[in-house]
1. What are the residues whose amide H is under 5 Å from the amide H of Val253, where those residues sit 5 or more places off or on another chain and H is modelled from the backbone?
2. Please turn the phi angles of the stretch 285-291 into ³J(HN,Hα) values with the Karplus equation 6.51 cos²θ - 1.76 cosθ + 1.60 (θ = phi - 60°), one per residue in order, whole Hz, x for glycine and proline.
3. Treating each Cα of the chain as an identical point scatterer and ignoring solvent, apply the Debye formula and state log10 I(q)/I(0) at q = 0.08, 0.13, 0.16 Å⁻¹.
4. The stretch 113-145 to the stretch 199-226: how many Å between their Cα centroids?
5. To the nearest 10 degrees, how steep is helix 98-109 against the longest Cα principal axis of the chain, on a 0 to 90 scale?
6. Using all Cα-Cα distances in the stretch 7-123, what percent lands in each 10 angstrom bin from 0 up to the longest?
7. Show the residues, 5+ positions off or on another chain, whose built amide H is closer than 5 Å to the amide H of Leu70.
8. What do you get for the angle between helix 7-22 and the principal long axis of the chain? Use alpha-carbon atoms, 0 to 90 degrees, nearest ten.
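Here, each number is a calculation from the coordinates, and none is a lab measurement. What you see is a predicted model; the values in this text were computed from it and never measured. A quick note on method: Cβ atoms are made from the backbone with ideal geometry, for glycine too, and the neighbour counts reach across all protein chains shown.
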Amino acid sequence: MRTEGTPTELQRRRYLAVQRIAEGYTTQEVADFLGVDPRSVRRWMATSRQHGAAGLAAQLGPGPGRPPKLTTTQEKIVLRWLSDLPTEHGFPTELWSAPRLAQLVEQEFGVHFHPDYLGTWLRQRGYTPQKPRRVPREQDDEAIAQWLAEDWPRIKQKARRRGACLLWIDESGLLMAPLLRRSWALRGHPPESKYKAGHREKVSVAAALWLPPLRDRLHLAYQTLVNGYFTTVEVAEFLSGAVQGLPGPVIAVWDGGTMHKGDPIRALVEESQGRLDIEPLPAHAPELMPVEFLWRWL
């Protein structure tokens, strides 16, 4: 909701909020007194702690016909908002848009930007609209950072020392439903793509990417199962074929899925007599698995 008032009035409101908090009033009490959202009070306090009074100051726009300006400090604050989730600023979804940012700029600083101009303003500073990358909520960023900092260097060093092939394995499934694309048709009369109702045929795919010891080229192997899925037995057979077809030691990297655990996998490692090592990835870290990028093309 837009906060009404001139830039000077909005500035006074921000200063008063900081003063009241310093006097011992709660965030909710200050928000009720000023008629604003408690999130606004918390943002003002954070800005005051980091930038002092300059971060709360209003910036009056220049003459008619010219777009208003923000101070350098305010520009940094606006750009930093883009590192936050929009929901943290009171919006219902997690997508930033120029109208939302323009609304927040006017609410916080009393400076009006047309959304189109704000889009240009953002592009001039290296920001572009982008499709969000899907990230599992269960993802452990600390575990991923630790794996990249410690485990991955250790794995590469072990591969160099042993002259081993590096092997990445992953699985996916595809429903054999028709793939729909846009097609020209009369407005209001969308074309139809007929398919068999109840048709649930699928194809499961296991794929392996590997680098030989010389690291001079990347290789791909895959296996498909029609109307089936990869259990630990099928995965062990696929991995066994890869190990037999590769020269020297093999270091396999994969996720912690259930099909990557169990007696068939343990037996394969034991039978390899030290030729096969398995290195697990952190949980819910698809960006660390290069095979994942292949599935985007299917």
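1. Amide H neighbours of Val253: Leu167, Trp168, Ile169, Glu279.
2. 10, x, 5, 8, 9, x, 5
3. Calculated log10 I(q)/I(0) at the listed q: -0.64, -0.94, -1.18.
4. If you average the Cα positions of each part, the centres end up 32 Å apart.
5. Approximately 40 degrees, to the nearest 10.
6. Pair shares across the bins are 13, 46, 34, 7, 0.
7. Those qualifying (amide H under 5 Å, at least 5 residues apart or on another chain) number zero.
8. Around 70 degrees separate the two axes.
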